[in-house]
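Only one structure is covered here, and it is reproduced in the block below.
The values are calculated or read from the model by the stated rules, or taken from the named source; none is laboratory data. The shown structure was predicted, so the numbers you read here are calculated from the model rather than taken from an experiment. Quick reminder, even Gly has a Cβ in these numbers, built from the backbone with ideal geometry, and neighbours come from all protein chains shown.
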Amino acid sequence: MRAALAFIEANLTEHIALGDIAKAADCAPRTISSAFRDRLGLSPMSYVRNLRLDRIRHDILTTTENVGPIAYRWGVSHLGRFAGDYRGRFNELPSDTAARR
């Protein structure tokens, strides 16, 4: 688990696949998925998505940079899907967060 979490942290701005996480942890994808669900209550990819969203929210609130470049910097490739995920996690759109800074 430690190796998987360290890999995610070190590569959060890059494209990360389940196979990459499993390889970093030296185990099968099913094994790492079970470990994440047992210890964290979510899948490895949900963990990656939530961590990215948290980092993006922090950057939105602490800089004057536009939302798009912040999201892209953290590995987001589709802004529409990102906005939906962000709203699902924080109950507001990224633009609403940016308007409060």
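Structure above, values below:
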| item | result |
| --- | --- |
| Hits in the stretch 88-101 (condition: charged (D, E, K, R) and under 14 Å from the mean Cα position of the chain (by Cα)) | ARG89 |
| Pick from the stretch 2-36, criterion outside any helix (DSSP H, G or I) and under 17 Å from the mean Cα position of the chain (by Cα), ranking: nearest to ASN50 (Cα to Cα) | LEU12 |
| From the options ALA35, ALA6, residue that is surrounded by 12 or more Cβ atoms within 10 Å (Cβ to Cβ) and in contact (Cβ under 8 Å) with a residue 24 or more places away in the chain | ALA35 |
| Residues of the stretch 63-87 that turn out to be at pLDDT 95 or above, among the polar types (S, T, N, Q) and under 29 Å from ARG2 (Cα atoms), as a count | 0 |
| Selected residue (criterion: surrounded by the fewest Cβ atoms within 10 Å (Cβ to Cβ)) from residues of the stretch 9-20 that are under 17 Å from TRP74 (Cβ atoms) and not acidic (Asp, Glu) | HIS15 |
| Residues within the stretch 44-101 that are more than 23 Å from ASN11 (Cα to Cα), hydrophobic (A, V, I, L, M, F, W, C) and loosely packed, with under 14 Cβ neighbours inside 10 Å, tallied | 1 |
| Filtered residues of the stretch 58-101 (kept if among the aliphatic types (A, V, I, L, M) and part of a helix (DSSP H, G or I)) | ILE60, LEU61, VAL67, ILE70, ALA71, LEU79, ALA83, ALA98, ALA99 |
